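Asker: Here it is: the structure, laid out below.
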Amino acid sequence: MTSRSIENLVASALCACMAVAQLACTADATATPPGADAPAEPASAPPGLAKAPEPVRSVFAKYEALRAALARDAVGEAAAGAVAIAAAARLAATADKPAQKAQWEALAAAADALKALPASDADGVRKGFGEVSRALVAVLAADAALGEGLHVFKCPMAQGYQKWVQPDSKLANPYMGTQMLTCGSETDIK
């Protein structure tokens, strides 16, 4: 067995243990009583995005919608989400800081590549989302103020790029979906 195989096996076991522990600890605390509405997500944008131009906020909103779809295994929504992200990123390239134009264009290109992937290839779609995430993390790394209030997570089991961005601190893994929704940990942008 190679050291890489052992690392993957250990990471798998760790994520599985974390998922079981998470379920055991939160099952009763997070359950919504029958007939009650689920708590609403905060309507306000994280501080960094609240100050950003509308096209930039739009990119993050569309990215978050796609990330949430993958976390709930709605892989079929990836193409439409990628089209929306690409269009918003191209607008952000013209509306945001000129120094970041290339980063926004790279994000649009990654989204274009994602939209070309068939929904029947869930692993490929998730890897493509990883490339979109890589480009978005590069945008945040270049403008730390933009990332204020956002959370970057990393899943050691994800194939390809392992990080993603969320406005919420409650981990919802787009690479593993519902099978391992809580696999991963918060990390830094770089």
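Asker: State all residues of the stretch 116-135 that are buried (at least 16 other Cβ atoms within 10 Å of the Cβ) and either over 19 Å from the mean Cα position of the chain (by Cα) or of a type in the set (A, V, I, L, M, F, W, C) (or both); if no residue qualifies, say none.
Answerer: If the condition is that a residue be buried (at least 16 other Cβ atoms within 10 Å of the Cβ) and either over 19 Å from the mean Cα position of the chain (by Cα) or of a type in the set (A, V, I, L, M, F, W, C) (or both), then Leu117, Ala122, Val125, Phe129, Val132, Ala135 are the ones that fit.
Asker: If you don't mind, there's one more thing I want to ask. Would you confirm whether any residue within the stretch 159-181 is surrounded by fewer than 17 Cβ atoms within 10 Å (Cβ to Cβ), under 19 Å from Glu64 (Cβ atoms), of a type outside the set (Lys, Arg) and within 13 Å of the chain's Cα centre (by Cα)?
Answerer: First, pick out the residues of the stretch 159-181 that are surrounded by fewer than 17 Cβ atoms within 10 Å (Cβ to Cβ): 159-160, 168-170, 178-179.
The next check asks that each one be under 19 Å from Glu64 (Cβ atoms); those that pass are 168-170, 178.
If we keep only those that are of a type outside the set (Lys, Arg) as well, we get 168-169, 178.
Keeping just the survivors that are within 13 Å of the chain's Cα centre (by Cα) gives 168-169.
Yes - at least one qualifying residue is present in the stretch 159-181.
Asker: In the stretch 92-117, how many are closer than 19 Å to Tyr161 by Cα and part of a helix (DSSP H, G or I)? Step through it out loud before you land on a result.
Answerer: Just the residues of the stretch 92-117 that are closer than 19 Å to Tyr161 by Cα, to begin with: 103-117.
Checking which are part of a helix (DSSP H, G or I) leaves us with 103-115.
Qualifying residue count for the region: 13.
Asker: Further question on the same structure: Phe60 is checked against (1) without any contact (Cβ under 8 Å) to a residue 40 or more places away in the chain; (2) surrounded by 21 or more Cβ atoms within 10 Å (Cβ to Cβ) and fails just one. What number does that condition carry?
Answerer: All conditions pass for Phe60, except number (1).
Asker: Which of the residues belonging to the stretch 113-156 are more than 22 Å from Ala99 (Cβ to Cβ) and touching a Ser or Thr at 6+ places or on another chain (Cβ under 6 Å)?
Answerer: Within the stretch 113-156, His151, Lys154 meet the criteria.
Asker: Let me ask another. Among the residues of the stretch 74-115 satisfying the criterion of being surrounded by fewer than 23 Cβ atoms within 10 Å (Cβ to Cβ), within 13 Å of Phe129 (Cα to Cα) and not aliphatic (A, V, I, L, M), which is nearest to the chain's Cα centre (by Cα)?
Answerer: Among those that are surrounded by fewer than 23 Cβ atoms within 10 Å (Cβ to Cβ), within 13 Å of Phe129 (Cα to Cα) and not aliphatic (A, V, I, L, M), it is Glu77.
Asker: Hey, does the stretch 65-80 have a residue that's at pLDDT 95 or above, touching a strand residue (DSSP E or B) at 6+ places or on another chain (Cβ under 8 Å) and part of a helix (DSSP H, G or I)?
Answerer: Looking through the stretch 65-80, at least one residue is at pLDDT 95 or above, touching a strand residue (DSSP E or B) at 6+ places or on another chain (Cβ under 8 Å) and part of a helix (DSSP H, G or I).
Asker: Quick one: would you say Ala145 is part of a helix (DSSP H, G or I), surrounded by fewer than 17 Cβ atoms within 10 Å (Cβ to Cβ) and more than 9 Å from the chain's Cα centre (by Cα)? Full working, then the answer.
Answerer: On the way: part of a helix (DSSP H, G or I): yes; surrounded by fewer than 17 Cβ atoms within 10 Å (Cβ to Cβ): yes; more than 9 Å from the chain's Cα centre (by Cα): yes.
Yes.
Asker: Quick one: is Lys97 touching a helix residue (DSSP H, G or I) at 6+ places or on another chain (Cβ under 7 Å), more than 14 Å from Gly81 (Cβ to Cβ) and free of Cβ contacts under 8 Å to residues at least 60 places away in the same chain? Even if it seems obvious, please write down each step before you answer.
Answerer: Numbers: touching a helix residue (DSSP H, G or I) at 6+ places or on another chain (Cβ under 7 Å): no; more than 14 Å from Gly81 (Cβ to Cβ): yes; free of Cβ contacts under 8 Å to residues at least 60 places away in the same chain: yes.
For Lys97, the condition - touching a helix residue (DSSP H, G or I) at 6+ places or on another chain (Cβ under 7 Å), more than 14 Å from Gly81 (Cβ to Cβ) and free of Cβ contacts under 8 Å to residues at least 60 places away in the same chain - is not met.
Asker: Taking Gly128 as the residue in question, decide whether it is without any contact (Cβ under 8 Å) to a residue 24 or more places away in the chain, closer than 17 Å to Leu66 by Cα, in a helix (DSSP H, G or I) and not acidic (Asp, Glu).
Answerer: Working: without any contact (Cβ under 8 Å) to a residue 24 or more places away in the chain: no; closer than 17 Å to Leu66 by Cα: yes; in a helix (DSSP H, G or I): yes; not acidic (Asp, Glu): yes.
So Gly128 fails the test.
The values are calculated or read from the model by the stated rules, or taken from the named source; none is laboratory data. What you see is a predicted model, and the numbers here were worked out from it, not measured in a lab. Every residue, glycine as well, gets a Cβ built from its backbone with ideal geometry; the counts of neighbours run over all protein chains shown.
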